[in-house]
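First comes the structure, then the notes that go with it.
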C-alpha cells in the first residue's frame, strides 16, 4: 500500500493552476504500489494519476523515466503519458517532493495468470524493446550484477535468520554469477519491473504497461528472464513451461532472439532471481517498525533460483 | 487505509455480468475509509465505487443505509446512489461479503477547515434532516447514551494506560450523561458521522456527503453536536466559535432549532465527545497486532469533552 504524502487542497489547487486541466473534481489515494504516493485525480479534463516521488526514486532519474514514457507513447506504445504544464514541463514539485501528473491508463492487472496473458506480454515487451531504440537517454541498471554484492554484504550477517544456510547459498551463487555473467548480448532500454501488477488488460487485450521507475539500459533478454520468474511460476512454485513458451514465442514473433540470448536465458534467470531475492531480503531485514508496506517474501525467489540452477538450456523454458 | 478484501478479475467479471455497466475497464483499491473495502471501478458506463462490507457493518443494516442513499438522492440531495443490477437489486455478494456498486461522487474533503466550510455543512445537514422525513425505515443509534456503558466496561481496566485518571473521569462523566441525557427533542434520521472526510467540496460548493454507514434515528441536534466536535476545534484543540456560529446559523436558515434543542447543545456535545472518545479508546486497546489501520487518538476527544463541561449555554457556540 502506498500513499505516504498527504496533499492539502490548497497545495493541490495551487499545483493545478500550472496546468490546463480545468477545475479539480476529486483526489483519492490509491492503495497500490510501494515506491511512490499515487492519487487518482479527476479534473474537468478527465482522469489522471498524480504521483509524488518518494525517497526511493532518485530525482536525477526522473527525466529518464518521464522521457521514456513520452517517447514510447509517441511511438504508439500504450503506457501512461506525463502531462505537461502550461510551461511545457511535466516534472515539478509538490509538498517538497518531485511530482508529475500522468494520464490514466485503463486496465486491470491479472491476479491469476493464464498462458494467454504471457503471450500478450511477450509481444508487448518485444515491441517495447524495438521502440525504445530511438530514445537517446541512458540509465545504468544499478540493480544488475554489479549491484548485488553490496546488497548481499548488507544482509549476509542476518540472512540465516530468514532461511537456514541462506547466507552460504547466496555467497556461492553470487560468485558464480559474477564470474559467468554474459557479455555483449543485444541491449537497450528495458522496463526491468514488468511484474503482473504493472501490466494491464481490458478483456483479453493487453491495454498497457505502467510503472517505469526501474527502467534502465540492460540486455533485452534480461527482461525476459525477469518475466520468466514473475509470470511463469505457479503459486506452489512449480514452473509452468507452457506460460514460458507463450512468453518467449510471442516475443520472438516481433523480435527474434539470437542464439546467444537463448543460451544465456538460464543464467539471466538465475541473476534476475538473485536481484529480487536480494532486494526483498534487504527490505525484510531493514524494514522499519510500523511501516505501512508489508515486506515481500524473499524465499519465494530462493526457490525460483534453485529451479534455474538445474536448467541446462532454453528447452526448460518451453522452447524446442 | 482500507482495502481488506482482494477481488480477483474472475470474481469481479462474474459480478459485473449482473449489471448493465458495459465492459470493466479498471479497478483500484482506495486508501481511504477504515470500515470497508473500497475500490474505484471504471466501466464503459462511467466511474463507480465498489464497496465490500467488512465485519464492522452489520448485514441487516445494509437495506437501511442503501435505502437512505437512494431516498435522499431521489429528493435531490447530493450523495452516492446505489446502482441496481439487472434484477433491480443493489445489494449482492462478492468474495463472501455483502457488496454494492455506488455512483462516484466528485469532490474533495477539506484537509484544512475554513468557516465557510462549516456554513455549507450546516445548510446541507438541515436539508438532510428535512429530506429524511419521508424515509420510513428506522435504525436505532446503538452508539448513543445506552451504548456507552458497555464500551466503557470493556476499556475501564486499561483506560489509565492511555491517560492517567482517564477511567475515573469517564466513570463520572458517564454517570452524569446517563442521568441528564435529554428526552423528547425533535428527531429523525441523522448521518451521525459527518466528519470532514465524509463531506466533499468542489471549489467553494459542497458537492455531497458520503459514507452513510453510521446513519440512524436520533435527535437532529445530536448531529450538530457531533459536528461541533469534528469541525470546530483547531488542530491545537482550541475551540473556534466562528466556525460553530457558521455551522449553527446556516443550519437554522433551513431548519430553525427549537429552544430545547439549543439548550441541550452542551450536553449533546459532551455526549458526542464521549461516544468518539469511547470508540477510539476501545479500538486503541483492542487493536490487533499488525492491523492495517492506525488507531485514532482518543485523548483528542478527552480535551473536547472537558471544553464542553465548562460550557453553560449555546452562547459558547457562537450564538447570541
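Bear in mind that the values in this text are calculations on the coordinates, not laboratory data. Keep in mind the model is a prediction, meaning the values are calculated, not measured. Please note: Cβ atoms are built from the backbone with ideal geometry, for glycine as well, and neighbour counts cover all protein chains shown.
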Where along chain B is the Cβ that lies nearest the axis linking it to chain A, and how many Å separate them? B:31, 2
How far apart are the residue A:60 label points across copies, placing each 7 Å from Cα toward Cβ, in nm, shortest first? 6.5
With the convex hull built on the alpha-carbon atoms of the stretch B:244-320, volume per residue in Å³ sits at 106 Å³
Extension reserve of the residue B:74-residue B:130 stretch, reckoned as 0.36 nm per residue once the Cα distance is removed: 18.8 nm
Helix A:145-159 sits off the longest principal axis of the Cα atoms of chain A, rounded to the nearest 10 on a 0 to 90 degree scale, by 80 degrees
Based solely on its DSSP helices, what 222 nm [θ] is calculated for the protein assembly as shown when runs of n ≥ 4 H residues each add -39,500 (n - 2.57) and the sum is averaged over all residues, nearest 500 deg cm²/dmol? -13500 deg cm²/dmol
In nm², the average projected area of the convex hull spanned by the Cα atoms of the protein assembly as shown is 30.7 nm²
Other-copy label distances relative to residue B:46, 7 angstrom Cα-Cβ extension, nm: 1.9
Using only the Cα atoms of the stretch B:9-103, what semi-axes does the equivalent ellipsoid have when each is the square root of 5 times a gyration tensor eigenvalue? Give whole Å, largest first. 19, 16, 14
If you average the alpha carbon positions of the stretch B:218-274 and of the stretch A:64-86, how far apart do those two centres end up, in angstrom? 50 Å
Can you give the Rg and Dmax of the stretch A:143-220 based on its C-alpha atoms, in angstrom? 16.8, 47
How long is chain B along each principal axis, judged by its Cα atoms, biggest number first, in Å? 59, 46, 35
Let's test the formula: R0 of 41 Å, r as the Cβ-Cβ distance of residue A:6 and residue B:149. What FRET efficiency results, to the nearest 0.05? 0.70
What is the log10 of I(q)/I(0) for the stretch A:93-217, computed with the Debye formula using one identical point scatterer on each Cα and no solvent, at q = 0.09 Å⁻¹? -0.41
In nm, to one decimal, how far is the modelled label at residue B:163 from the one at residue B:86, with both set 7 Å along Cα→Cβ? 5.6 nm
Just to check, using Stokes-Einstein with a Kirkwood Rh over alpha carbon pairs, what's the diffusion coefficient of the stretch A:172-320 at 25 °C and 0.890 mPa s in µm²/s? 151 µm²/s
Taking 0.36 nm per residue of separation and subtracting the Cα-Cα distance, what length does fully extending residue B:238 through residue B:294 add? 17.7 nm
At 7 Å out from Cα toward Cβ: residue B:138 inter-copy label distances (nm, ascending): 7.8
Given a Förster distance of 22 Å, the FRET efficiency implied by the Cβ-Cβ spacing of residue B:187 and residue B:103, rounded to the nearest 0.05, works out to 0.15
Here, residue B:319 and residue B:55, labelled 7 Å along Cα→Cβ, have an inter-label distance in nm of 4.2 nm
Under a point spin-label approximation (7 Å from Cα along Cα-to-Cβ), what is the residue A:309-residue A:137 distance to one decimal in nm? 3.9 nm
